[in-house]
Number of protein chains: 2
Amino acid sequence: MNKVGIAATGLTKFTKDDTSIESLMGLAVKPIFEKTNNLEQKDVEAVLTSTNANDKYLANIVSELCGISPKIAHSVESLCNSGTNCIVSAYAYIKSGLAKTALVIGAEKTDSPGLILEWDKSRGQYKHPIYWSSLFTSAHMRKYGTTLEDLAYVSAKNHRNALDNPYAYFERNFSLDEIMESKNLTENVRLLDCSMPCNGASAILLASEDVITKFTDTPIWITGIGQKALSAGFTKNDDLTSMASSVYSASNAYKMSDRRPTDVDVAELHDAFSICEIIELEDLGFVKKGEGADYVKQLFDMHDRKINPRGGLIGTGHPLGATGIAQTIEIFQQLQGTAGKRQINNSKVGLVHNMSAASTSSTVLILES
Amino acid sequence: MNKVGIAATGLTKFTKDDTSIESLMGLAVKPIFEKTNNLEQKDVEAVLTSTNANDKYLANIVSELCGISPKIAHSVESLCNSGTNCIVSAYAYIKSGLAKTALVIGAEKTDSPGLILEWDKSRGQYKHPIYWSSLFTSAHMRKYGTTLEDLAYVSAKNHRNALDNPYAYFERNFSLDEIMESKNLTENVRLLDCSMPCNGASAILLASEDVITKFTDTPIWITGIGQKALSAGFTKNDDLTSMASSVYSASNAYKMSDRRPTDVDVAELHDAFSICEIIELEDLGFVKKGEGADYVKQLFDMHDRKINPRGGLIGTGHPLGATGIAQTIEIFQQLQGTAGKRQINNSKVGLVHNMSAASTSSTVLILES
């Protein structure tokens with residue numbers, strides 16, 4: 001069967017400016033048409049929109065805004081990993097032969113209805129994501145001796161990486177001390193351990209192997225996909241030092257692509273909170289369980305950008321429906337060698353990890369040049 | 001490549017009872033597990049939910065409710081044809097090899113936010129769908145001499161067909177006179193020309209050819225798919241006696257399945273309003289342009305159930321996100337020979353037509369036994 005690749009990408013700067021969802025989406029699509037030789041509106045056969053916004057018929061509205069009349073158009077929602085769900089749907093449409101190309105567009109606003117887990121009565125009053133991150137933090141501290149300083153290293157590293165990302169929400173460095181002293185939201189989660197809700201949009205053009213060279217000489221291929229929706233509430237994740245759906249997704253993505261963690265040159269991990277990156281480094285096989293915090297410190301000290309080179313969710317901001325797509329754009333640029341100041345030399349294999357609601361569901365993608 | 005088929009289906013009665021979206025979805029899934037030999041929760045690899053409701057993370061919530069931990073889980077929204085968009089996504093996931101099985105679940109409530117085209121400022125105060133149906137009606141009357149009585153025949157036929165559908169919202173016959181005398185909502189759209197918003201849910205289990213016989217001896221195959229999203233507003237449909245996106249979708253679905261309109265034994269057409277069925281009969285090639293109304297009269301007089309045997313949207317009710325899936329269930333049952341009193345003899349080839357917002361987008365599916 002035809003391979004599926006990424007041909008072009010577009011981003012808006014992540015801000016708190018008030019712009020409508022459909023305008024944000026249009027702004028993310030604009031650079032794709034500007035930068036892509038030979039791409040015409042009639043070439044786009046599917047438009048899939050990713051958002052938690054309550055707007056209806058958004059894929060059609062944005063298509064009309066962009067002058068596109070696709071065959072396939074609809075919105076996809078799965079909280080914070082809506083973006084990669086959308087990319088995987090586009091992959092499926094192309095791989096199945098129903099479309100030759102697909103435009104995937106994610107956007108979110110600061111006041112997204114997906115930010116609070118209103119639907120989960122089993123969480124009582126603790127519906128804000130800071131509470132599940134606090135539970136993961138406590139568990140990891142108890143089992144592996146992780147410290148508040150370890151968490152601060154994640155935030156400091158990702159904020160520093162974001163300084164070279166012109167689309168990032170944050171535009172200044174934060175020292176370890178500043179992070180340690182930022183406001184306590186729970187006993188072990190500080191303000192600067194959190195990703196920031198913001199406005200932003202991201203877009204990706206995918207195409208099948210037999211047409212992609214019309215649009216680019218350097219396509220990036222999606223070679224591995226792993227997904228798992230374990231539950232909606234906390235009912236299925238027995239061990240809070242690990243994210244079971246992410247372990248499962250990574251294992252399947254590695255298997256599909258015939259790659260191992262040691263093959264990965266660059267990775268975007270879903271650092272909704274500092275503790276997430278530490279656990280994910282372990283769960284995705286980059287280090288052994290309990291060694292995530294030391295590895296982050298090492299990356300920080302070495303100025304190594306391998307993990308979350310664009311600044312992660314913590315440094316770049318987290319417009320929910322745009323995040324998974326923005327993560328994928330970073331890996332695309334790294335593998336194409338177009339990541340500018342953020343470029344990691346000789347990146348051939350990249351990984352995207354995107355998850356929702358305490359990792360009750362996850363997506364892992366493997367990309368290759 | 002593997003064929004994709006429908007293995008099992010489930011429905012709730014369409015009512016105005018107040019039941020939550022997730023409960024409705026669970027109730028539609030229940031009969032699938034009850035009726036399907038060998039089906040276990042672990043067999044379900046994808047759960048896609050179809051709705052216009054604003055609930056987030058619904059595919060995960062319903063999965064947990066049903067004891068399923070799929071790989072793929074998300075919601076799909078495209079107003080009134082969310083249901084068939086969801087089915088086509090499931091098809092793509094299976095055809096692409098990402099899943100062996102997929103459960104597609106649609107549900108809606110009477111007060112769905114998808115009922116009014118709030119987003120379309122180009123319609124001024126005329127945002128309710130009755131206004132676009134009135135424009136189509138006027139245009140068809142002018143060009144083809146269609147009468148108010150012709151419209152009443154559509155409603156009378158579909159209400160009569162619905163009498164043999166235990167899941168239909170309406171449970172009584174309506175005479176031509178009653179329909180003619182029902183309240184005028186516009187100069188040419190009466191209350192009984194309209195489909196009724198209601199609560200309801202529908203679910204379908206799809207599976208790939210190599211595993212489907214584990215679940216059923218009589219799978220129904222999806223052999224043709226056509227989709228088109230022409231626009232969001234009225235900007236692209238030049239001729240209001242025709243639905244351009246439906247013409248395009250039908251043409252592609254016939255081509256993919258290598259079938260012609262004369263091959264179709266039974267069809268579900270999206271009769272959101274009486275005029276829709278007349279135009280769709282013409283646009284999908286069952287009769288020539290201008291002959292739709294006479295054909296409906298003929299079906300009525302002959303008690304022929306070929307078009308909208310379950311009673312269409314007008315007789316069955318229209319819970320938006322559930323409709324396209326419920327239409328597909330009817331064709332599944334007709335082709336399996338399990339449609340009871342509604343059964344059309346020797347049905348081998350069936351068609352589903354589902355559309356959104358004045359046919360600005362459409363889906364056509366061809367199913368075969």
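Select from the range A:62-78 the residues that are under 11 Å from A:L48 (Cβ atoms) and among the hydroxyl-bearing types (S, T, Y) and list them in ascending order.
Passing the criteria: A:S63, A:S75.
Exactly one of these conditions fails for B:L206: (1) within 24 Å of B:M25 (Cα to Cα); (2) outside the structural domain of B:S89 (by TED's automatic domain parsing). Give me its number.
The single condition B:L206 does not satisfy is (2).
Would you call A:L48 touching a residue at least 60 places away in the same chain (Cβ under 8 Å) and assigned by TED's automatic domain parsing to the domain that holds A:C86?
For A:L48, the condition - touching a residue at least 60 places away in the same chain (Cβ under 8 Å) and assigned by TED's automatic domain parsing to the domain that holds A:C86 - is not met.
Checking A:D301 against (1) surrounded by fewer than 24 Cβ atoms within 10 Å (Cβ to Cβ); (2) touching a residue at least 60 places away in the same chain (Cβ under 8 Å); (3) under 23 Å from A:S182 (Cα atoms); (4) not small (G, A, S), only one condition comes out false. Which one?
(2)
Can you tell which of B:I130, B:I116 is within 12 Å of chain A (Cβ to nearest Cβ), over 30 Å from B:V44 (Cα atoms) and among the hydrophobic types (A, V, I, L, M, F, W, C)?
It is B:I116.
Looking only at the range A:267-292, which residues are small (G, A, S) and over 27 Å from A:L79 (Cα atoms)?
Within the range A:267-292, A:G290 is the sole residue that qualifies.
Could you tell me which residue of the range A:50-59 is farthest from A:L117 (Cα to Cα), considering only residues that are of a type outside the set (D, E) and out of contact with any Ser or Thr (no Cβ under 6 Å at 6 or more places or on another chain)? Even if it seems obvious, please write down each step before you answer.
Residues of the range A:50-59 of a type outside the set (D, E): A:50-54, A:56-59.
Then keep just the ones that are out of contact with any Ser or Thr (no Cβ under 6 Å at 6 or more places or on another chain); that gives A:51, A:53-54, A:56-57.
Working: A:T51: 15, A:A53: 14, A:N54: 15, A:K56: 21, A:Y57: 24 Å.
Ranking the candidates gives A:Y57 first.
Of the residues that make up the range A:316-330, is at least one in a strand (DSSP E or B), over 30 Å from B:G67 (Cβ atoms), touching a helix residue (DSSP H, G or I) at 6+ places or on another chain (Cβ under 7 Å) and at pLDDT 95 or above?
The answer is no, given that none of the residues of the range A:316-330 is in a strand (DSSP E or B), over 30 Å from B:G67 (Cβ atoms), touching a helix residue (DSSP H, G or I) at 6+ places or on another chain (Cβ under 7 Å) and at pLDDT 95 or above.
Given the conditions (1) part of a strand (DSSP E or B); (2) on the phi > 0 side of the Ramachandran plot, and given that A:G106 satisfies all but one, which numbered condition is not satisfied?
Among (1) part of a strand (DSSP E or B); (2) on the phi > 0 side of the Ramachandran plot, the lone unmet condition for A:G106 is (2).
When residues of the range A:75-87 are filtered for being more than 7 Å from chain B (Cβ to nearest Cβ) and either in a loop (DSSP other than H, G, I, E, B) or among the hydrophobic types (A, V, I, L, M, F, W, C) (or both), how many remain?
4
Any chance the range A:285-292 includes a residue that's under 15 Å from A:A162 (Cβ atoms) and more than 14 Å from every other protein chain (Cβ to nearest Cβ)?
Looking for residues that are under 15 Å from A:A162 (Cβ atoms) and more than 14 Å from every other protein chain (Cβ to nearest Cβ), one finds none in the range A:285-292, hence no.
Please determine whether any residue of the range B:50-66 is surrounded by 24 or more Cβ atoms within 10 Å (Cβ to Cβ), within 16 Å of B:I204 (Cα to Cα) and at the interface with chain A (Cβ under 7 Å from one of its Cβ atoms).
Yes, the range B:50-66 contains a residue that is surrounded by 24 or more Cβ atoms within 10 Å (Cβ to Cβ), within 16 Å of B:I204 (Cα to Cα) and at the interface with chain A (Cβ under 7 Å from one of its Cβ atoms).
Out of everything in the range B:171-189 that is surrounded by fewer than 21 Cβ atoms within 10 Å (Cβ to Cβ) and in contact (Cβ under 8 Å) with a residue 40 or more places away in the chain, what residue ends up being farthest from the chain's Cα centre (by Cα)?
Within the range B:171-189, the subset surrounded by fewer than 21 Cβ atoms within 10 Å (Cβ to Cβ) is B:171-178, B:180-187.
From the residues that got through so far, the ones that are in contact (Cβ under 8 Å) with a residue 40 or more places away in the chain too are B:185-187.
Working: B:L185: 24, B:T186: 25, B:E187: 27 Å.
Taking the candidates together, the pick is B:E187.
Could you tell me whether the range B:348-362 includes any residue that is farther than 19 Å from B:C198 by Cβ, assigned to a strand (DSSP E or B) and among the hydroxyl-bearing types (S, T, Y)?
Checked the range B:348-362: at least one residue is farther than 19 Å from B:C198 by Cβ, assigned to a strand (DSSP E or B) and among the hydroxyl-bearing types (S, T, Y).
Select, from B:K157, B:K109, the only residue that is over 30 Å from B:E40 (Cα atoms), modelled with pLDDT of 95 or more and crowded, with 18+ Cβ neighbours inside 10 Å.
B:K157
Any idea how many residues of the range A:74-86 are touching a helix residue (DSSP H, G or I) at 6+ places or on another chain (Cβ under 6 Å), within 19 Å of A:D271 (Cβ to Cβ) and not small (G, A, S)?
Step one: filter the range A:74-86 for residues touching a helix residue (DSSP H, G or I) at 6+ places or on another chain (Cβ under 6 Å), giving A:74-76, A:78, A:80-84.
If we keep only those that are within 19 Å of A:D271 (Cβ to Cβ) too, we end up with A:78, A:80-84.
Narrowing the set further to residues that are not small (G, A, S) leaves A:80-81, A:84.
Residues that pass the stated criteria total 3.
If you take just the strands (runs of 3 or more DSSP E) that sit entirely in the range A:176-273, which of them hold at least 1 residues that are within 13 Å of another protein chain (Cβ to nearest Cβ)?
Strands (runs of 3 or more DSSP E) meeting the threshold: A:200-208, A:220-229.
Go through the range B:109-151 and count every residue that is within 29 Å of B:A326 (Cα to Cα), in a helix (DSSP H, G or I) and among the polar types (S, T, N, Q).
So the answer is 3.
Considering the range B:162-211 alone, what residues qualify as being in contact with a Pro (Cβ under 9 Å, 6 or more places away or on another chain) and over 21 Å from B:G106 (Cβ atoms)?
Correct list: B:D164, B:E209.
Looking at (1) within 8 Å of chain A (Cβ to nearest Cβ); (2) assigned to a helix (DSSP H, G or I), find the lone condition where B:G97 falls short.
(2)
The values are calculated or read from the model by the stated rules, or taken from the named source; none is laboratory data. Fair warning: this is a prediction, and the values are worked out from it, not measured in the lab. Cβ: placed from backbone, ideal geometry, glycine included. Neighbour counts: every protein chain shown.
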